[in-house]
1. Is the range A:1-64 rounded, prolate or oblate when judged by the Cα gyration tensor, a ≥ b ≥ c being the square roots of its eigenvalues, rounded requiring a/c under 1.5 and prolate requiring a/b larger than b/c?
2. Arrange B:138, B:211 by Cβ neighbour counts within 10 Å, fewest through most, would you?
3. Can you tell me the orientation of helix B:145-168 relative to chain B, as the angle in degrees between its alpha-carbon axis and the longest Cα principal axis, to the nearest 10?
4. Roughly what angle does helix B:321-330 make with the longest principal axis of chain B, taking Cα atoms, 0 to 90 degrees, to the nearest 10?
5. Summing -39500 (n - 2.57) over the DSSP H runs of n ≥ 4 in chain B and dividing by its residue number, what mean residue ellipticity at 222 nm do you reach, to the nearest 500 deg cm²/dmol?
6. Stick to Cα atoms and the Kirkwood definition of Rh, then tell me Rg/Rh for the protein assembly as shown.
7. Order these peptides, B:277-285, B:246-254, by their mean beta-carbon neighbour count within 10 angstrom, highest first.
8. Nearest 10 degrees is fine. How inclined is helix B:179-190 to the longest principal axis of chain B, computing both from alpha carbons?
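Read the figures in this text as sums done on the coordinates, not as results from a lab. Worth saying up front: this structure is predicted, and the values here are computed from it rather than measured. Here the Cβ positions follow ideal geometry from the backbone for every residue, glycine too, while neighbour counts run over all protein chains shown.
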């Protein structure tokens with residue numbers, strides 16, 4: 001059985017790109033969210049094995065969403081997607097519960113390495 | 001970077017939305033909106049940067065990055081951005097828009113289709129529709145069942161093909177109208193007026209070539225409203241109006257028409273002044289003083305009228321309305337005016353949704369065949385002279401208790417009345433009013449290809465186009481609003 005993923009980013013473009021990378025690697029993208037609020041709601045509903053989370057989103061940012069998801073499910077596995085130069089935010093996200101991070105622009109090999117690390 | 005080609009379409013679709021968001025947020029910030037809109041602008045730029053980086057579009061990425069850095073300083077300063085900063089931000093968004101456009105023009109984009117190609121497809125399917133009617137008649141005349149069956153099948157395929165081609169040409173009006181927001185903002189600053197501009201119905205879809213053609217006339221109307229229709233804030237205060245004027249461009253669908261309205265709450269058009277100018281120019285008899293809205297529109301749409309000195313101030317709508325009227329008519333559309341001196345003006349343009357093929361009612365009058373777009377036809381009734389009544393100097397008819405004005409097509413064509421007096425009444429619904437047209441004979445309905453048509457000098461201005469009927473003879477298409 002494939003591992004399931006919830007992809008969270010407010011840009012369709014980004015969700016498609018990361019979704020394609022994950023699908024080609026054999027994962028199941030079972031949901032997409034376009035805001036932090038949406039991400040938390042969908043996590044509760046879908047209980048994916050993995051979440052990819054953009055840091056900057058409207059209606060509750062990525063960091064708050066990670067915190068809420070981790071509070072709901074301490075076993076949640078969240079992978080942060082950040083842009084370059086957002087080290088401080090990444091650190092904050094990891095303190096809020098994220099397990100690892102990837103930097104945009106996505107390189108498939110790096111994404112998959114991070115996914116493997118997070119899924120164990 | 002990976003998979004550039006696959007994601008190029010997605011990039012440009014998303015980039016377009018982001019740019020609209022950026023302009024929207026900037027306009028709001030300029031009007032005094034708070035930190036929420038600055039965050040919204042920041043997110044849009046941030047997204048643009050991420051996408052551009054993923055695609056390897058370095059100039060867009062770098063521009064976005066710099067704009068993002070600028071916005072970061074705005075956010076951290078905690079005070080509203082200065083006017084100078086706002087101007088810089090507008091320039092930066094413009095630069096981003098240009099960089100995106102340049103990127104889009106790359107030849108490797110394979111899905112872009114020339115409008116000319118779509119036009120060719122449309123013309124071909126138009127001819128095929130006409131040929132279909134001829135083939136159907138021949139097949140039925142042959143009496144051969146297998147031939148009639150195949151023809152019936154082919155007929156269905158042709159209808160589907162026409163629908164697909166029509167649909168492939170449809171684009172939402174927002175695609176062309178959204179840029180008007182910047183235009184109105186820039187122009188209102190140039191003329192020193194305070195204007196709140198609203199776009200409505202941007203999702204409504206219209207044939208691409210109709211949209212391309214109507215852009216300039218609409219800019220014309222918007223400029224007129226800004227230059228002449230709308231007063232300065234000071235003038236408005238004196239008149240007891242709010243200092244910020246309202247200008248609305250709204251698009252809506254009414255049956256097979258797209259209606260586009262330009263509305264302002266400005267000074268309106270004073271019919272008496274227009275009448276006075278028209279009398280002075282010899283266009284009206286000295287006795288005529290009261291003008292209906294359609295008479296005002298007809299006068300101010302004349303080329304000669306708008307060049308009269310001083311008319312722009314007085315009419316409230318400026319020069320060049322004849323250009324708009326001509327273009328609208330060439331597209332098979334029509335214009336209407338509603339105005340109240342001191343309160344405002346609305347100009348409505350009705351356009352066919354699809355430009356090339358329409359469903360029409362054929363009517364013969366005084367030996368010629370005319371086509372009436374079905375869009376406006378409610379019903380047809382046999383006419384006898386006894387049905388006519390007189391109402392305030394006009395003819396009227398009563399149908400199931402409803403009284404409708406009557407127009408005789410022969411009279412509009414400058415032809416003598418029919419000896420027998422017999423005919424048919426076509427009841428028309430012109431959205432704001434219902435009326436009726438008396439013709440000699442009804443010949444049935446037909447799909448026709450609309451060809452543009454320039455009326456010769458001296459011809460009544462009641463035609464919106466021309467067509468070739470299935471029997472090969474030409475027919476003029478009546479403009480329902482103008483003829484009745």
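1. oblate
2. B:138, B:211
3. With rounding to tens, the tilt is 40 degrees.
4. 60
5. Theoretical 222 nm ellipticity from helices: -15000 deg cm²/dmol.
6. 1.07
7. Working: B:277-285: 14.9, B:246-254: 17.8.
Taking the mean over residues of other Cβ atoms within 10 Å, the ranking is B:246-254, B:277-285.
8. In chain B, helix B:179-190 runs at an angle near 70 degrees to the longest axis.
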